[in-house]
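Working notes for the structure below.
Where a number appears in this text, it was derived from the coordinates with a stated rule and is not lab data. These figures come from a predicted structure and were not determined experimentally. As a convention, Cβ positions derive from the backbone with ideal geometry for all residues, glycine included, and neighbour counts pool all protein chains shown.
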Amino acid sequence: MTNDMTGDAVDNEADSRADIAVGDGFGMPAYDADRVARRDDAVRAAVEQGLLGPGSPIVGLLDVTGIRESAAALRAAFDAVVAPGTPVLHAFAVKATPLVPVLRLLREEGIGAEVASPGELALARAAGLHPEMTVLDSPAKTPAELREALALDIAVNADNPQELDRIDGLMKSAASRSPLGIRVNPQVGGGSIEATSTATATSKFGVALRDEGAREWVVRAYQDRPWLTRLHAHTGSQGIPLSLMAQGVAEAYALAEEINRRIGRRQITTLDIGGGLPVNFASDATTPTYAQYARLLSEAVPGLFDGRYGLVTEFGRSLLAKHGTVVARVEYAKSAGGRPVAVTHAGVQVATRTVYAPGSWPLRIAAYDGKARPKEGPAVVQDVAGPACFSGDLLAEGAALPLLEQGDYAAALDTGAYYFAHHYAYNSLARPGIHGFAPDGAGGIAFATVREAQSLDEIVAESGGAHTASLTTLSAPKRR
Ligand SMILES: Cc1ncc(COP(=O)(O)O)c(C=O)c1O
């Protein structure tokens with residue numbers, strides 16, 4: 001046993017993937033070592049094939065092989081612990097990587113979509129996700145959004161009593177086959193990152209289960225509505241210890257058991273246990289694994305997997321993070337106050353959380369030379385800066401890596417979730433292009449466009465370019 005990134009003790013025994021024993025000779029499982037090799041190949045190929053260079057100094061790369069492997073690992077992990085025949089829907093949290101081709105790739109891997117806004121629902125539909133593979137959560141659904149979801153027969157988790165009132169009205173006015181549930185906040189506590197802790201006492205999400213009268217209200221809500229057949233809890237994301245996640249799931253399970261007992265039949269048929277598996281940003285090791293989490297759940301909440309409940313999961317970060325890399329050219333290499341500073345094209349626009357909250361969201365940087373080969377040399381403490389016009393725009397501060405020089409490339413690792421797909425338009429910096437990659441079968445790398453880089457015309461159009469004179473046409477105040 002060792003401690004993982006979350007501070008939890010984790011069992012390091014090999015998970016269900018057969019190739020885990022091979023690795024890089026230093027204890028890294030084969031799938032992690034292979035992913036690192038694919039990443040290096042892709043960075044080099046991106047430069048060789050002109051996706052990255054002086055004229056296009058930033059790009060996002062997505063490892064298609066790795067995404068498929070993670071999807072398979074997720075399915076295998078739960079298949080290994082659930083009773084045969086248990087319906088399981090793994091719904092990818094679209095917020096983690098809201099890109100249509102990614103959702104389509106995951107669909108091909110049997111993974112659905114958890115959406116939390118009209119935009120995310122539109123992306124899921126554009127990717128061809130069927131209603132039965134889609135779940136709508138969000139704390140602020142409008143009547144129109146609810147009406148649309150119910151008309152499409154998409155599963156909905158009601159966040160609060162007022163939302164349930166709205167659903168009541170809609171259920172009276174039109175038939176829907178949407179599986180419906182209530183989101184509860186088990187209030188088991190937060191993790192090391194406040195902003196991603198959803199089960200604190202005062203979290204904005206769900207029905208706060210330990211508040212006075214709340215549990216009784218939930219039980220009555222189910223008693224009064226035979227069509228409420230699901231129960232949902234998402235205990236938090238990055239920074240939440242696995243033990244706390246399991247505790248949240250255990251609380252939801254105990255509540256479902258109580259509701260079904262008090263109603264006298266198995267009205268709740270499906271538990272939605274949310275996502276939240278943390279990602280190790282400190283090294284290339286995939287830890288914790290889905291297999292470890294599924295095993296932990298099967299020990300902590302054995303009844304959950306005995307076949308009486310269908311399951312929905314909503315993993316986001318853990319499916320995509322390790323398969324994305326932002327690579328940016330070093331435009332200038334300088335020194336200030338004795339500190340080398342590499343000024344690159346990746347900063348706050350692609351790594352917003354890291355730049356504004358570096359303590360919670362540190363990123364590893366890999367150095368590549370001008371030909372995009374992994375850079376050798378002694379580790380030098382340096383800053384890796386972004387292009388935005390404020391001094392805090394740093395991808396990494398005081399990082400120890402081979403000295404980055406003008407024309408080199410800096411890669412921000414593990415950025416496939418909540419990074420380059422979440423553009424922040426500071427300084428009107430363009431959204432970078434994103435390309436998926438995979439071995440081409442002939443020893444090279446093939447790329448496919450996921451998203452084009454944003455053009456200057458698009459930036460102007462999205463910044464009110466069609467309304468240039470609109471403000472000047474409003475009547476001016478009369479001068480006295
Ligand atoms: C309801 C819900 N489900 C799933 C997720 C995905 O969490 P993660 O990306 O940590 O797996 C989130 C994240 O905010 C969420 O709010």
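Data overview
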quantity: Built amide H within the under 5 Å cut-off of E114, gap 5+; calculated: F92, A93, V94, V135
quantity: Pairwise centroid distance, computed over Cα atoms, of region 313-366 with region 38-64, Å; calculated: 16 Å
quantity: Residues whose placed amide H lies under 5 Å from that of G310, excluding near-sequence neighbours; calculated: T270, L271
quantity: Set of aspartates and glutamates near K322 by C-alpha distance (under 15 Å), chain-local residues within fewer than 8 positions excluded; calculated: D32, D34, D40, D63, E69, D284, D414
quantity: Protection proxy ranking, peptides 174-181, 108-115, average beta carbon neighbours within 10 Å, highest first; calculated: 108-115, 174-181
quantity: Gain in span if fully extended, R75 to A144, counting 0.36 nm per residue against the direct Cα distance; calculated: 21.5 nm
quantity: From phi via Karplus (6.51, -1.76, 1.60), per-residue ³J(HN,Hα) for region 436-444 in Hz, x at Gly/Pro; calculated: x, 9, 7, x, 8, x, 10, x, x
quantity: Ellipticity estimate at 222 nm from DSSP helix runs (n ≥ 4, -39,500 (n - 2.57)) divided over the chain, nearest 500; calculated: -8500 deg cm²/dmol
quantity: Cβ crowding within 10 Å averaged over residues, with 428-438, 357-367 ranked highest first; calculated: 428-438, 357-367
quantity: Built amide H within the under 5 Å cut-off of S178, gap 5+; calculated: D153
quantity: Cross-link reach list, lysines versus K172, counting only Cα pairs under 20 Å and skipping chain neighbours closer than eight places; calculated: K141
quantity: Student exercise, region 64-320 dipole from Lys, Arg, Asp, Glu Cβ charges, in Debye to nearest 20; calculated: 400 debye
quantity: Cβ crowding within 10 Å averaged over residues, with 461-470, 345-354, 302-311 ranked highest first; calculated: 345-354, 302-311, 461-470
quantity: Hits among lysines - C-alpha to C-alpha of K334 under 26 Å, sequence gap 8 or more where chains match; calculated: K371, K375
quantity: Shape of the chain, Cα gyration tensor, a/c cut at 1.5; calculated: oblate
quantity: Efficiency of FRET from Cβ geometry, K204 and E257, R₀ 45 Å, rounded to 0.05; calculated: 0.95
